[in-house]
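Q: Let me give you the structure first, and then I'll get to my questions.
The values are calculated or read from the model by the stated rules, or taken from the named source; none is laboratory data. Just so it is clear, the model here is predicted, and its values are computed rather than measured. Neighbour counts run over all protein chains shown; Cβ positions are idealised from the backbone, glycine included. Note: accessible area is taken over every heavy atom of the protein model, side chains too, but ligands, DNA and RNA are not part of it. Shrake-Rupley method; radii C 1.70, N 1.55, O 1.52, S 1.80 Å.
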Amino acid sequence: MATCPPYPTHVHRHTHWWQRTWVRYGALITLLALSGLVILALVREQTGTQGFLVGLGLAVLPVPLLMAAFRWLDRVDPGPWRNLLFCFAWGACAAALIAIVANSFATRWIATATADPASADTLGATVIAPVVEESAKAAAVLLVFLFRRRDFTGIVDGVVVAGVTATGFAFTENILYLGTAFGTDQLTGDSGIASVTAATFFVRVVMSPFAHPLFTVLTGIGFGIAALSTGRHRLRRALLPLAGLLLAMGMHALWNGSAAFGEYGFFAVYAAFMVPSFGLLTWLVIWTRQRELGTVRAELPAYVMAGWLTPAEPYALGSMRARRIARQYARRHAGKEGARAVARYEACATSVAFLRQRGRRGRAGADFAVRERALLDVLWHLRDLARPALDHAARATAPPPAPVPPWAYPYGGTHSAYGPRTAPWPYAPQAPYAPQAPYAAQAPHYPYVPPYHPYAPPGPQRP
């Protein structure tokens, strides 16, 4: 018989009109839409209609690849699409508008004050632009960190949010640069490989499509580490994002100022700083993702003991290959609905594991029990579709049994003195499946006894 939560899951409180969800969403969408219209008009004014269309067609090419890469990094515990859409829209519209207006104003003011337009352009590119652009992009990361805290749980989330924001910003900036280059070619009559458009496309789209994401990812890592800190380290939580932002500004300034280092300054900075930094950050994110999978394997056995999961599931859910095999198995036997059900089951189980880890570290919040129960209810509802697929995936990806030495079977053949030569399957679920006793009853057998426990899964109704 299902147990009830210790307190209601929905608390009705009086809220002012500006605190309502639809008001906030409406204001945000209106702000981004107005920013998009203004930035569209500004870019079209600087590039012309033909230049805008050419720049748009060329700038959109790296966007699907970058978005797919960041989504791939977020496969362990994928965040909602609305967060990614907000980040991309903020980077492409709001951040780009702030950067264009602020950079133009600052450069003109410096040129007027110093009467040296050339020095003003150099100072604007190496000092003003990094500060303004990275601050504008960091605003999106800060908003997600503050208002979507449940979806911002670690370094990978910070990298994905920052990277998608920078991808949107680079998209708008590439339209401007490529459109301007096309206008220059129209005036000079250049075309083909020798044109300014081809050179700009090669530098910005082919060689360095990851430049802006790489800068802003440093800010995202700072926010991600802050998300892992407990509430007692308030100073650390405030300083880490600021340190990441300063690093992003510094690398951005180094990248923009590479042209001042001589004829081969750009290639020197690219080879000495950009490529190694990109490789190091890629390794860091992949290593962090493997740690997240380890967290899934370490936290879910508690729910196996409580009867919510089968013994095979922690192993299958802690392997990306097993997850993919489970979705493919469900698609073959239950169609697209089955595959979506398995994907949702995997996401909810991962969220349960991360929530439990945060609870052990004192970072889960007062609504831990309600959130845990809601996720477990989803798992229980999807169990009939997901469990066969995950069991199949566990069997398909399990390591082979250790070889048995010949002297273990003194009589030879396929049988030993004690029966057939068969090894027990290490990941076989209990059959028939029957939920075990609640976790509280088996707490002494678990390595640690947290101050909370999962609810017992629903059982058959007794007459």
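Q: Out of curiosity, is residue 140 modelled with pLDDT of 90 or more, in the same structural domain as residue 252 (by the TED database) and open to solvent by 10 Å² or more (accessible area, probe 1.4 Å)?
A: Numbers: modelled with pLDDT of 90 or more: yes; in the same structural domain as residue 252 (by the TED database): yes; open to solvent by 10 Å² or more (accessible area, probe 1.4 Å): no.
So residue 140 fails the test.
Q: Right, another one. Among the charged types (D, E, K, R) and surrounded by fewer than 16 Cβ atoms within 10 Å (Cβ to Cβ), is that true of residue 44? Spell out how you get there, then give the answer.
A: Values: among the charged types (D, E, K, R): yes; surrounded by fewer than 16 Cβ atoms within 10 Å (Cβ to Cβ): no.
So residue 44 fails the test.
Q: I would also like to ask the following. Every residue in the range 365-401 that is farther than 18 Å from residue 309 by Cβ and not in a helix (DSSP H, G or I), please. Working first, answer last.
A: From the range 365-401, those farther than 18 Å from residue 309 by Cβ are 365-370, 396, 399-401; that's our starting set.
Hits for the range 365-401 are 365, 366, 367, 399, 400, 401.
Q: Restricting attention to the range 53-62, does a residue exist that is modelled with pLDDT of 85 or more, within 30 Å of residue 291 (Cα to Cα) and not in a loop (DSSP other than H, G, I, E, B)? First the steps, then the outcome.
A: Filtering the range 53-62 down to residues modelled with pLDDT of 85 or more leaves 53-62.
Filter again for within 30 Å of residue 291 (Cα to Cα), leaving 62.
Okay, now just the ones that are also not in a loop (DSSP other than H, G, I, E, B), so 62.
Within the range 53-62, one or more residues are modelled with pLDDT of 85 or more, within 30 Å of residue 291 (Cα to Cα) and not in a loop (DSSP other than H, G, I, E, B).
Q: While we're on this one: Does residue 88 count as at pLDDT 95 or above, in contact with a Gly (Cβ under 7 Å, 6 or more places away or on another chain) and not basic (Lys, Arg)?
A: Numbers: at pLDDT 95 or above: yes; in contact with a Gly (Cβ under 7 Å, 6 or more places away or on another chain): yes; not basic (Lys, Arg): yes.
In short, yes.
Q: Name the helices (runs of 4 or more DSSP H) wholly within the range 266-347 that hold at least 3 residues that are without any contact (Cβ under 8 Å) to a residue 24 or more places away in the chain and not assigned by the TED database to the domain that holds residue 221? Break it down stepwise before answering.
A: On the way: elements: 275-299, 301-306, 313-317.
So the answer is 275-299.
Q: A further question on this structure: Just give me the residues in the range 333-357 being charged (D, E, K, R) and under 18 Å from the mean Cα position of the chain (by Cα), in sequence order. Give the steps one after another, and end with the answer.
A: Restricting attention to the range 333-357, the residues satisfying the condition of being charged (D, E, K, R) are 336-337, 340, 344, 346, 356.
Listed by number, the residues that qualify are 344, 346.
Q: How about the range 63-75: which of its residues are in a loop (DSSP other than H, G, I, E, B) and within 25 Å of residue 135 (Cβ to Cβ)?
A: Initially, the range 63-75 is screened for residues in a loop (DSSP other than H, G, I, E, B), giving 74-75.
Within the range 63-75, just 74 meets the criteria.
Q: Got at least one residue in the range 88-98 being surrounded by fewer than 17 Cβ atoms within 10 Å (Cβ to Cβ) and either over 18 Å from residue 255 (Cα atoms) or assigned by the TED database to the domain that holds residue 242 (or both)?
A: So the first thing to find is which residues in the range 88-98 are surrounded by fewer than 17 Cβ atoms within 10 Å (Cβ to Cβ), and the list is none.
Checked the range 88-98: no residue is surrounded by fewer than 17 Cβ atoms within 10 Å (Cβ to Cβ) and either over 18 Å from residue 255 (Cα atoms) or assigned by the TED database to the domain that holds residue 242 (or both).
Q: Next up: Considering only residues that are surrounded by 19 or more Cβ atoms within 10 Å (Cβ to Cβ) and of a type in the set (Gly, Ala, Ser), look in the range 99-124 and name the one that is nearest to residue 28 (Cα to Cα). Please lay out each step first, then the result.
A: First, the residues of the range 99-124 that are surrounded by 19 or more Cβ atoms within 10 Å (Cβ to Cβ): 99-100, 107, 110, 120, 124.
When the remaining residues are screened for being of a type in the set (Gly, Ala, Ser), the result is 99, 120, 124.
Details: 99: 19, 120: 35, 124: 30 Å.
In this case the residue turns out to be 99.
Q: Across the range 191-238, what is the total count of residues that are touching a residue at least 24 places away in the same chain (Cβ under 8 Å), polar (S, T, N, Q) and not in a helix (DSSP H, G or I)?
A: Looking only at that region, the number is 2.
Q: Need a quick list: helices (runs of 4 or more DSSP H) entirely within the range 76-155 having at least 1 residues that are under 22 Å from residue 258 (Cβ atoms). Break it down stepwise before answering.
A: Values: elements: 81-89, 96-114, 117-123, 129-147.
Because the criterion is at least 1 residues that are under 22 Å from residue 258 (Cβ atoms), the helices (runs of 4 or more DSSP H) in the range 76-155 that meet it are 96-114, 117-123, 129-147.
Q: For the range 90-123, how many residues are among the polar types (S, T, N, Q) and touching a Ser or Thr at 6+ places or on another chain (Cβ under 8 Å)?
A: Going residue by residue through the range 90-123, those that are among the polar types (S, T, N, Q) are 103-104, 107, 112, 114, 119, 122.
Now narrow it down to the ones that are touching a Ser or Thr at 6+ places or on another chain (Cβ under 8 Å): none.
Result for the range 90-123: 0.
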